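To keep things clear, I will list the structure first and then write my remarks on it.
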Amino acid sequence: MFRVFSRGGAALFILFFIAADLSTSETYWPQWRGPLGTGVSPEAEPPIKWSESKNIRWKLDIPGMGHSTPIIWGDLVFLTTAVPYGKKVKPVRNKAEGAHDNLPVEQHHEFITLAVSRKEGRIVWQKTLRKEFPHEGGHNTGSLASNSPATDGKHLFAFFGSRGLYCLDLKGELIWQQDLGKLQTRHAHGEGSSPALRGDSVVINWDHQGDSSVAAFDTATGEQRWKTARDEMTSWSSPLIVEHGGKVQVVVSATGRVRSYDLSTGKVIWECGGLSRNVVATPVAGHGMVFAANSYDWQALMGIKLAGAKGDITGTENEVWKLRRGTPYVPSPLLYGEWLYFLHHNHGILTCVSALTGKARHRPMRLERLRYIFASPAGAANRIYLSDRSGNTVVVSHAAKPELLAENHLDDAFSASPAMAGKELYLRGEKYLYCIAEK
């Protein structure tokens, strides 16, 4: 029997961490795209098969709802959520061009960060950081807690967009907070970009229908280090921090340009056009390259060489390769060794190409069980894990001739990406947080 706890219980190389050595950091899942920022855990060995009655160590009833991916450090799992309270209000329709009518009923919310024991599946601490009525509607497939937290092993950074940026210690005590204003998202689709960490800086993407920017804050004090204006509409992509040629840079993917900024100054290093509106997928990096994608007005995935990249590199030799079909919309790419995996839009069609050339490793793989996918693929132990909004997770082998290893189903809906550490897999649904481990 597994344990169920109720809501009344007491959530190139990517340079991410600062408080621990590399081997310790690789043991955990300190940000939503994992220890390397690629979607891969180099040490984890999670199960292949599970169900509601098999390989569930515990199942925690989460207060409220959120689509943020949980992160893992030490003996704790951290996650964010938004808990409704008070009177329900019918939302006012946004009259902007193309606005959607499928908005959820609105009410006041508590914006909460919580820590869960990996061993016991109980809430260790729960911290309400803000109480507020949302200033604009959202899409019915979204949430008010879609920005994933991040940790450096000493600090926990919770970003709720319009509800602020918060730094806590790992015991849940608030260290500092920053109110960054109100985002006005396109079509009132909601917010979702997650913070990125490097050294003593935490970086935030603030793209919306107002004055867009990217900004860095001191991790110890919350003081703003720099803020750079961006000529961009709303994007939901998270910043990517990467080092190349001795320079640490922040890469942000968006409609007008994929841009790189000097982490120390905020000045633009290079930029490249080619993506369409509504950029959601976060880039990944490796092998001296950055890989950025989206799929809305048109489909695009670019392999950008960092060596010599300066100024506008659109159409230059730094744009090594580009694909125009089968590219992802919401799910971000997965970089596993020399291979880049991505889904077609939000559908269960998985493509794998060479990161260096963009050439296909094999034919696209149709995953019949998967339907509507927001979660990004994750990799470990030469396996790929993919979850959908119907409660399904499929496991595929990371091989020249991929095989479908398992089709698993749980009684929940998964928009958050899988997280893993040790021999455990964590799936955060709209109702529950699952710890999946072989017994």
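General remarks:
- Mean Cβ count within 10 Å, highest first, over the residues of peptides 310-317, 286-293, 405-412, 422-429: 286-293, 422-429, 405-412, 310-317
- Rounded to the nearest whole Hz, the Karplus-based 3J(HN,Hα) values (6.51 cos²θ - 1.76 cosθ + 1.60, θ = phi - 60°) of the range 110-127 follow the sequence 9, 9, 10, 10, 9, 10, 10, 5, 5, 6, 9, x, 10, 6, 7, 8, 9, 10, with x at glycine and proline.
- Dipole axis of the chain (+1 Lys, Arg; -1 Asp, Glu on Cβ), positive-most option in Met302, Thr282, Pro47: Pro47
- More than 28 Å apart - percent of Cα-Cα pairs taken over the chain: 44 percent
- A straight line joining the Cα centroids of the range 332-400 and the range 41-93 runs 22 Å.
- Put simply, the amide H of Gln31, placed in the peptide plane, has neighbours under 5 Å in Ile72, leaving out anything fewer than 5 places away on its chain.
- Ranked by the mean number of other Cβ atoms within 10 Å of their residues, highest first, the peptides 66-76, 36-46, 161-171 come out as 66-76, 36-46, 161-171.
- Straight Cα distances below 18 angstrom link Lys154 to the lysines Lys127, Lys171, with same-chain residues fewer than 8 positions distant left out.
- When only the Cβ of Lys, Arg, Asp and Glu is charged (+1, +1, -1, -1), the dipole of the chain relative to its Cα centre reaches about 800 debye.
- Proxy reagent accessibility, fewest Cβ within 10 Å first, across Trp176, Trp236: Trp176, Trp236
- In terms of the mean number of neighbouring beta-carbon atoms within 10 Å, the peptides 365-378, 142-155 order highest first as 142-155, 365-378.
Rule-based calculations on the coordinates, nothing more; no lab input. Keep in mind that this is a model prediction, so the values were computed, not measured. Here the Cβ is made from the backbone with ideal geometry for all residues, glycine too, and neighbour counts use every protein chain on show.
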